[in-house]
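Before any comments, here is the structure.
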Amino acid sequence: MTWSATARGAHQPDNTAFTQQRLPAWQPLLSASITLPLFFCAGLAFIGLGLGLYYSSNGIKELEYDYTGDPGTGNCSVCAAAGQGRAPPPRCSCAWYFSLPEFFQGPVYLYYELTNFYQNNRRYGVSRDDAQLSGLQSALHHPVNDCYPYQYSAAGLPIAPCGAIANSLFNDSFSLWHQRLPGGPYVEVPLDRTGIAWWTDYHVKFRNPPLVNGSLALAFLGTAPPPSWHRPVYELSPDPNNTGFINQDFVVWMRTAALPTFRKLYARIRQGNYSAGLPRGTYRVNITYNYPVRVFGGHKLINFSSISWMGGKNPFLGIAYLVVGSLCILTGFVMLVVYIRYQDQNDDDEDDE
């Protein structure tokens, strides 16, 4: 009995105001004079912010083109028909012509958009090897089982990069040309393909394996590219700072989207005579058509977009703030009516007494 009391005492907290919860405390006593102004002020603040976000989003210019190649939708339909049922599809090129009647305010961002593509599928989302993508040499030759069936090639070589996400890398390419005067020559608009990935992805999460005798190709010796790729990972770009696992397009693609319709940044237009935006005139986008989407009922689009202080075009955030602000004010009025009604009843009861 003495031992039990001693044991219990050893496990008891110290007899202090903090451990015994004897500290002085303050609890707000909410009243109508405090609660109602809070609801109205919060509602007005949300509505003001929502209006700013909504009108800022509406002020963003966008120019979009569906180049999937459905029958009768332009010259890309020839490429789509040529690749129907063939994997990988044959290389094909098409073009999109458009005119800008007025100046397209910059900076201008070029996106590609895919629909009905579920990158949020669980089996697809885990089909990658983060240790391999971080440049770990042992993981390069021993990819994890999550990459199956894109873990080893038919010849038994480890695939680098492995997994379904890497295998489905978007590989269409675009170039933009501008015709300043009717009937004049087209001049290529420079597309800045650098800095399109998240800083943390490019500088922290994705690293190439150590070079062997100064060669990245030798570092990947004994590996195979994903089956859908036309070239190995170390030949994604001639720029040594933009090839291998740190290729900007590859890094952007590996950050999976949460929704089946998504956009990914392809390039920024901010160089030369186009740093302020796209001047009026006729334009041509040359499209190298490689990526098959009709097999899963998807569409692919090109999108030119400007930005504002809040980023790209997204009216949802402004609408959400407007809805929440309106609900706050509506709730405030309901509470005010209830308060006045029961306040009058309380006054009548006091008079009767």
Of the residues that sit in the range 194-208 and are touching a Phe, Trp or Tyr at 6+ places or on another chain (Cβ under 9 Å) and either polar (S, T, N, Q) or outside any helix (DSSP H, G or I) (or both), which one is modelled with the lowest pLDDT? 195
Name every residue in the range 154-204 that is on the phi > 0 side of the Ramachandran plot and free of Cβ contacts under 8 Å to residues at least 24 places away in the same chain, in order of residue number. 156, 183
Within the range 170-208, residues being surrounded by 12 or more Cβ atoms within 10 Å (Cβ to Cβ), of a type in the set (Phe, Trp, Tyr) and over 24 Å from residue 67 (Cβ atoms) number 3
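The values are calculated or read from the model by the stated rules, or taken from the named source; none is laboratory data. Computed from a prediction, not measured in an experiment: that's the story for all the values here. Neighbour counts are summed over all protein chains in view; Cβ atoms, including those assigned to glycine, are modelled from backbone coordinates with ideal geometry.
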